[in-house]
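Okay, structure first, notes after.
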Amino acid sequence: MKLSAGLLLASLLLGGVVCSCTNGPGYEGNTGSLPDTENIASLYLDGHDDYIELGEVGLEDPLQLAGEPFTVAAWFRQEADGDPYQRIVDKSDGPLARNGWALAADPETGMIHFYVHDGETGADFASRRDLYGAGAWHFVVVVARSDRLEIWLDGDLDTGSWYESGAHTLPAAAVTGMRIGTWNHSDGREWRGWLDELAVWNTDLSPESIAILHAARGRADLAGTCDVYAQAGNLVGWWRMGSGAGLLADPTAVSWSIEDHASGARTGSFRPVQGPRLDVGEVP
């Protein structure tokens, strides 16, 4: 029998696997969850010209994800209307994530789109219609496994996902730019709403790991480990969208950038400089 991520989590907590978590020397966690971390803010983009610039991704950069399984996850709260196929993140140099990969959500159809392109052919892997609604927080996870693509929303696998175009593939090795909240190669597809806890792993997370992350509601320390989440070493991008006591004390004291808490340390810059905002208190 196939279990949803939510049911898997219940089995972990109530009857099964003891998840012994760690977060550095001497830390002993509880069962079935990762160590907690503070989540105080999310990123708001206006759907017109706001985005986060992550810069050029070189051939040796782990965010290439070239030819390998990978996972992208994010919390989002989308406002109604705006562009179709709004980008959560895009690492590519053309439409349909040419030479790379991208994650999008379409407010008109309520569909998630997961784009992967190997340099010659690509896939637009789409969820069923009305998978999500505007105005509420949702947790999206897209997984590229060696033999298939998957879309998860709010802890459940969307079994109605299909290839709107193309077929299964894995990303090309190609130097491209990378952005949060817009098309990477030109204007358009700007995100309208909030984004939080965007993370990228260079491995395909298990359903059990997805369940743990969903249950944490953006408050899991992804650099920690536990019996059902041992992928901290595979975390190649983690943009928390604002953290630290300074921001909590003074929400206006921002550095006009988004810190990467993963090993890549790829800081994102606000575009325009005073366009995007960190919205303290607006979190999943």
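The values are calculated or read from the model by the stated rules, or taken from the named source; none is laboratory data. Since we're looking at a predicted model, the values are computed, not measured. In this analysis, Cβ positions are derived from the backbone assuming ideal geometry, glycine residues included, and neighbour counts consider all displayed protein chains.
What do you reckon, is Ala167 farther than 20 Å from Leu205 by Cβ, over 15 Å from the mean Cα position of the chain (by Cα) and surrounded by fewer than 19 Cβ atoms within 10 Å (Cβ to Cβ)?
Values: farther than 20 Å from Leu205 by Cβ: yes; over 15 Å from the mean Cα position of the chain (by Cα): yes; surrounded by fewer than 19 Cβ atoms within 10 Å (Cβ to Cβ): yes.
So Ala167 fits the description; yes.
Contact map, segment 54-67: first residue more than 13 Å from Asn202 (Cβ to Cβ), second residue surrounded by 18 or more Cβ atoms within 10 Å (Cβ to Cβ) and small (Gly, Ala, Ser), Cβ cut-off under 7 Å, separation 6 or more or different chains; pairs are Leu54/Gly268.
Selection within segment 170-221: residues that are in contact with a Gly (Cβ under 8 Å, 6 or more places away or on another chain) and acidic (Asp, Glu). The member of this set that is surrounded by the most Cβ atoms within 10 Å (Cβ to Cβ) is Glu197.
For Phe76, the conditions (1) under 19 Å from the mean Cα position of the chain (by Cα); (2) outside any strand (DSSP E or B) all hold with the exception of (2). Could you tell me whether segment 49-65 includes any residue that is surrounded by fewer than 18 Cβ atoms within 10 Å (Cβ to Cβ), over 17 Å from the mean Cα position of the chain (by Cα), at pLDDT 95 or above and part of a strand (DSSP E or B)? There is at least one residue in segment 49-65 that is surrounded by fewer than 18 Cβ atoms within 10 Å (Cβ to Cβ), over 17 Å from the mean Cα position of the chain (by Cα), at pLDDT 95 or above and part of a strand (DSSP E or B).
The condition of being over 16 Å from Arg77 (Cα atoms), in a strand (DSSP E or B) and polar (S, T, N, Q) holds for only one of Ser146, Ser165, Ser186, that being Ser165. For segment 16-48, the candidate set comprises residues that are among the β-branched types (Val, Ile, Thr) and at pLDDT 85 or above; within that set, the residue that is farthest from Trp137 (Cα to Cα) is Thr37. Within segment 189-220, the set of residues being assigned to a loop (DSSP other than H, G, I, E, B) and either among the hydrophobic types (A, V, I, L, M, F, W, C) or under 21 Å from Glu108 (Cβ atoms) (or both) comprises Arg189, Glu190, Trp191, Leu205. When only residues in segment 133-148 that are buried (at least 20 other Cβ atoms within 10 Å of the Cβ) and either out of contact with any helix residue (DSSP H, G or I) (no Cβ under 9 Å at 6 or more places or on another chain) or among the hydroxyl-bearing types (Ser, Thr, Tyr) (or both) count, which is farthest from Trp194 (Cα to Cα)? By that ranking, first place goes to Ala144. Among the candidates Gly218, Gly177, Gly160, which residue alone is of a type outside the set (A, V, I, L, M, F, W, C) and either touching a Phe, Trp or Tyr at 6+ places or on another chain (Cβ under 9 Å) or modelled with pLDDT under 95 (or both)? When all the criteria are applied, what remains is Gly218. If you check every pair at least six apart or on different chains, which have Cβ atoms under 9 Å apart with a residue in segment 263-284 that is without any contact (Cβ under 8 Å) to a residue 60 or more places away in the chain and at positive phi first and a residue that is surrounded by fewer than 18 Cβ atoms within 10 Å (Cβ to Cβ) and part of a loop (DSSP other than H, G, I, E, B) second? What qualifies is Ala265/Glu259.
If you take the residues of segment 262-284 that are part of a loop (DSSP other than H, G, I, E, B), among the small types (Gly, Ala, Ser) and within 17 Å of the chain's Cα centre (by Cα), which of them is modelled with the lowest pLDDT? Checking each candidate, the answer is Gly264. Do the conditions hold for Phe125, that is, is it of a type in the set (A, V, I, L, M, F, W, C), surrounded by 14 or more Cβ atoms within 10 Å (Cβ to Cβ) and over 18 Å from Trp191 (Cβ atoms)? The answer is yes for Phe125.
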